[in-house]
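Shown next, in structure tokens, is the structure this report addresses.
The values are calculated or read from the model by the stated rules, or taken from the named source; none is laboratory data. Note that this is a predicted model, so its numbers are computed, not measured. Positions of Cβ are backbone-derived with ideal geometry, glycine not excepted, and every protein chain shown enters the neighbour counts. For accessibility, only protein heavy atoms count, side chains too; no ligands or nucleic acids. Shrake-Rupley method; radii C 1.70, N 1.55, O 1.52, S 1.80 Å.
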Amino acid sequence: MEPWQQLLAGGVNRLEELASRFSLDIAKLRPVVEQFPLRINAYYLGLIQEPGDPIWLQVIPDERELEHDGYEDPLNEEGDSPVVNLTKRYPDRTLFYVTSQCPIFCRFCTRKRKVGDAGSVSAETIKAGIEQIKKDKTIRDIVISGGDPLMMQDEQLEWILSELRAIPHVEILRIGSRVPAVLPQRITPKLCGILKKYHPLYINVHFNHPREITPESTLACGMLADAGIPLGNQSVLLKGINDDPDVMKELVQKLLKIRVRPYYIYQADLTDGTGYFRTSLQKGLEIIQSLRGHTSGLAVPHYVIDAPGGGGKIPVFPQTIISMDDEKIVLRNYEGKLFEYPSSSGAAIPEQKSCANL
Ligand code: SF4
């Protein structure tokens, strides 16, 4: 067994194991994990410092997951699927679900309806997905997802990558993975050697809290970056975990240091049983406002809502345009000061002044 497999095997998958470490009412949690399984690998378990902390909240089952406070498939991924496990929502790209397995099972997961369910994917569905991509010449960009594709065995993952790379109209391959953040030991020299054969290949990682940035995850991201893979981060805004400007600022600044570009902050999807993680939109806007201008633009992600029902990702911004007419636009900067700029090339150049004089 490789070290990362030992960490998985040595983790917690049963409530009894969890109850031997923490004080929990496992009778109440039993129906929760029957609905969405428990998995915390030994590495991630070791990041928990105390019950209720930002690591704990992401992986410990909670009775509130039984509340019906959203949709089973909030993004209507199944409705937008020409074949099972392939979602085509945008004109030129597609999402390809290739595994139900993950390094941990996050309690807020958007795909709780199928993640962790080994029956949700098979060699047949993967082959059917590849055939569909071959047929649909509009697809030039594929997000390989799950579950977590980096949980597959090297040979299986390489087979999928090589099949997709051999399709002439497929230009870009992307992988969505929590592995570098939550089971970084899985990023081995052999895996990097495989991935780098299939460029252009991008990986979107998923860090939610600065405590996930450790010497191990720093090394993993460095190895992927050294393999020439551009890394972007997608965080989910989660109540009590990262819905705080200081926490987010620390996270995005640390991500850049480990060679990961902060890419998206998602407003939490309306997934059934995850309402207790949802924050207000105002909180997300406040966080973006606190980042923009206060730290490098490279560190500021897009704040997006993945529109319920399959409308796709829609960016939301703190208001910067105060007014606009044929002459000028009035803009607000990161400090809240107002500035004028001519709204067309022929318009008069406004006198140089800031809000104090406007
Ligand atoms: S790793 Fe990703 S797909 Fe897996 S449970 Fe977490 S959020 Fe869901």
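So the values come out like this:
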| item | result |
| --- | --- |
| Amide H within-cut-off set for Lys328, under 5 Å, with H built and near neighbours excluded | Ser343 |
| Accessible surface ranking that places the most exposed of Arg261, Arg113 first, with a 1.4 angstrom probe | Arg261, Arg113 |
| Residues with amide H under 5 Å from that of Arg261, placed H, sequence gap 5 or more | Leu231, Gly232, Asn233 |
| Pairwise label distance in nanometres, Asp53 with Ser323, each label 7 Å out on the Cα-Cβ vector | 5.2 nm |
| Dipole of the range 3-315, positive direction: furthest Cα of Leu15, Val205, Tyr71, with charges on the beta-carbon | Val205 |
| Pairwise FRET efficiency - Ala9 versus Gln35, Cβ, R0 = 22 Å, nearest 0.05 | 0.40 |
| Lys, Arg +1 and Asp, Glu -1 on Cβ, resulting dipole of the chain about Cα centre, debye, nearest 20 | 780 debye |
| Two-decimal Rg to Rh for the range 258-301 - Kirkwood Rh, Cα set | 1.06 |
| Dipole moment magnitude, nearest 20 debye, the range 1-160 about Cα centre, only Lys, Arg, Asp, Glu C-beta charged | 340 debye |
| Bridge type composition, the chain - antiparallel percent by DSSP, nearest 5 | 40 percent |
| For the range 95-231: rounded, prolate or oblate by the Cα gyration tensor [a/c cutoff 1.5] | oblate |
| Under-5 Å amide H pairs with Tyr71, H placed in peptide plane, nonlocal only | Thr271, Asp272 |
| Computed FRET value (nearest 0.05) for Glu78 with Gln153, which takes r as the C-beta separation and R₀ as 22 Å | 0.25 |
| Rounded to whole Hz, the Karplus (6.51, -1.76, 1.60) HN-Hα couplings of the range 322-329, x for glycine and proline | 8, 7, 8, 9, 5, 8, 8, 10 |
| The range 3-315, relative contact order [Cα under 8 Å, separation at least 6], % | 18 percent |
| Ratio of the Cα radius of gyration of the range 250-358 to 2.2 N^0.38 Å, where N counts its residues | 1.35 |
| Accessible area per residue in Å² at 1.4 Å probe, computed on the chain | 45 Å² |
| Candidate aspartates and glutamates - alpha carbon under 15 Å from Lys239, same-chain residues fewer than 8 apart omitted | Asp53, Asp62, Glu65, Asp269, Glu286 |
| Listed peptides 328-335, 292-299, 144-151 by packing density, highest first (mean Cβ within 10 Å) | 144-151, 328-335, 292-299 |
| Where only alpha carbons of the chain are counted, the Rg and the Dmax (Å) | 22.0, 73 |
| Of all accessible heavy-atom area on the chain, the percent that carbon and sulfur account for (1.4 Å) | 53 percent |
